[in-house]
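This report concerns only the one structure given below.
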Amino acid sequence: MSRTEGKNLRVVVYEGAGSQPLPDEDRFAMISSLLAEGFEVTRAAPGGDVADADARTMLVLGRFDEKSPPTARGLDGETTVHFRDVTGVPAEGVVEVAREVRGETGARDLTAWKPWFPVIDYDRCTNCLQCLTFCLFDVYGVDGKQEITVQNEDNCKTDCPACSRVCPEVAILFPKYRKGPINGDVVRAEDIQREAMKVDISTLLGGDLYGSLRTRQRSARERFSTERDESKALLERKRCLGKLKKDLDIPDEVLMTLPSAEDIEARAERARLKAEKRRARSTTVADTKPAPTEDDWGI
Amino acid sequence: MSDAVTPRVLYCNCTYAKVVPEETKGDVLRQLCDSGVAFDAVADLCDMAARSDPALAKIAEGGPVRIAACFPRAVKWLFHGAKTPLPEEGVEVLNMREAPADEIVAGLLAATAPETEATAS
């Protein structure tokens, strides 16, 4: 199963009629432990409103006065509800109970990944498609209206914010990035100026980032083929891409997994075709957003 | 007597990253647990958005809601990216990356419903 597939198990901590209230400390320990394990948790309380059920499996935990039914069907007919009495069960035991139900029901079991992918601020985005042409991992695509969209979150390289650094409008966020405005903090005038300078990175590498990468990879490959020294090749590739790493904050592991020159050429061609399609559409359909020009593309 | 709708409360634990101060997260959750109010807590909104989790729609469409998470701009566009945009009104996002726990909890448990679009704390 992919990291972005499946549904989490929703756990309801119930303390209403027919059950005993939890001591504050136990409630906190239980809920925080469940969240740390990737479960979604609802604390139900009299008179309080929470999110509706969404047609999936739900686990209700409580210190029930009487034996509760092992499963029930939600009023919507689509939600399966499991009950577990956790009287006298410590927080770690409660997590174990939830894990068991997760295993039985086939709910998503994923406890260790960093959800790292770009989020587009459409209030700022001008659909210039620079991000689409820049990203080497096919994270971006265009939708039916030829608008930029994030299509393959799973492809994004953890901790790599490079596309946001080349966005001229500071419209790409990575909520888990350490600094603003990329983390979603307010965009200030100085951020726009600074990010505009970052865009120059592509020109710094010769005005054509892909071209530069291709040239560098080709020359490096030619050198390596004569030298046959893999460690030297690795060092050389690192050196060649050091500028990118420094200025765009690209992690080492991402640089070392860049696609081959052929792949880069192929995806650049695909991106070019998408842009042409969008350009053709914008000439036939009234469109408030201008199609990108050759200068915008830098290719 | 006011007929104002009591907003729902959503807490994001940002489980898969260490960008929200642990102390703030812990304090907010502890105070929520002790408050007696009903609330929903999710392990990580980013994770849910990456999966376009249908639960996001239930959050977005369920009426006024206060969300304890990170930057309002990030939360707004996370929901949008998951094809479940938050409504323009009735949503308040409280930023645990910047505001102290007491301020977040005060905002979450305030008596009146939020009337305007997400604001940062």
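The values are calculated or read from the model by the stated rules, or taken from the named source; none is laboratory data. Predicted model, so just to flag it, every value in this text is computed and none were measured. Backbone-built Cβ (ideal geometry, glycine too); neighbour counts: all protein chains shown. Quick note on the areas: whole protein, heavy atoms, side chains included, nothing else; ligands and nucleic acids left out. Shrake-Rupley method; radii C 1.70, N 1.55, O 1.52, S 1.80 Å.
When the accessible area of the range A:10-105 is computed with all protein chains present and a 1.4 Å probe, what percentage of it is carbon and sulfur?
Roughly 53 percent of what the probe reaches on the range A:10-105 is carbon or sulfur.
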- Task: Evaluate the distance, in nm, between pseudo-label points positioned 7 Å from the Cα of A:VAL186 and of A:GLU92 along their respective Cα→Cβ axes.
- Result: 4.6 nm
- Quote the Stokes-Einstein diffusion coefficient, in whole µm² s⁻¹, for the range A:1-50, based on the Kirkwood radius over alpha carbon pairs, a temperature of 20 °C and a viscosity of 1.002 mPa s. 173 µm²/s
- Item | Subset of A:LYS7/A:LYS145; B:LYS25/B:LYS83; A:LYS157/B:LYS25; B:LYS18/B:LYS58; B:LYS58/B:LYS83 violating a 24 Å alpha-carbon distance limit | A:LYS7/A:LYS145; B:LYS25/B:LYS83; A:LYS157/B:LYS25; B:LYS18/B:LYS58
- Query: For the range A:143-153, in order, what is each residue's ³J(HN,Hα) by Karplus, 6.51 cos²θ - 1.76 cosθ + 1.60 with θ = phi - 60°, in whole Hz (x at glycine and Pro)?
  - Reply: 8, x, 8, 6, 9, 4, 8, 8, 9, 10, 4
- Placed amide H near A:THR42: partners under 5 Å, 5+ positions off or other chain: A:VAL11, A:VAL12, A:VAL13, B:ALA41
- Task: Pop out the carbon and sulfur fraction of the accessible area of chain B as a percent, whole number, probe 1.4 Å.
- Result: 52 percent
- Task: Taking the Cβ of A:ALA91 as the centre, find all other residues whose Cβ is under 12 Å away and add up their charges (Lys, Arg: +1; Asp, Glu: -1).
- Result: -4
- Computed ³J(HN,Hα) along the range B:17-28: with the Karplus parameters 6.51/-1.76/1.60, θ = phi - 60°, integer Hz and x for glycine or proline, the list is 8, 10, 8, 9, x, 4, 5, 5, 4, x, 5, 4
- Sites A:ASP143 and A:ASP109 - FRET efficiency at Förster radius 30 Å, r taken between beta-carbons, to 0.05: 0.45
- Task: Can you check what the Kirkwood hydrodynamic radius comes to for the range B:8-109, Cα pairs only, in Å to one decimal?
- Result: 13.4 Å
- What residues qualify as long-range amide H neighbours of B:ALA68, i.e. H under 5 Å apart, gap of 5 or more or another chain, H built at 1.01 Å from N? B:LEU10, B:TYR11, B:CYS12, B:LEU94
- Message: If I model the range A:10-105 as equal point scatterers sitting on the Cα atoms and use the Debye formula, what is log10 I(q)/I(0) at q = 0.16, 0.22 Å⁻¹?
- Response: -0.63, -1.26
- Run the quick spin-label model on A:ARG270 and B:SER35: label points 7 Å from Cα toward the beta carbon, then report their separation in nm to one decimal. 4.6 nm
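Carbon-plus-sulfur fraction of the accessible area of the range A:117-182, 1.4 Å probe, in percent?
On the range A:117-182, the fraction of accessible area on carbon and sulfur atoms equals 42 percent.
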- Enumerate the amide H contacts of A:ARG178 below 5 Å, restricted to partners 5 or more residues apart or on another chain; note that Pro and chain-start residues carry no placed amide H. none
- For the pair B and A, total buried accessible area rounded to nearest 100 Å², probe 1.4 Å: 4000 Å²
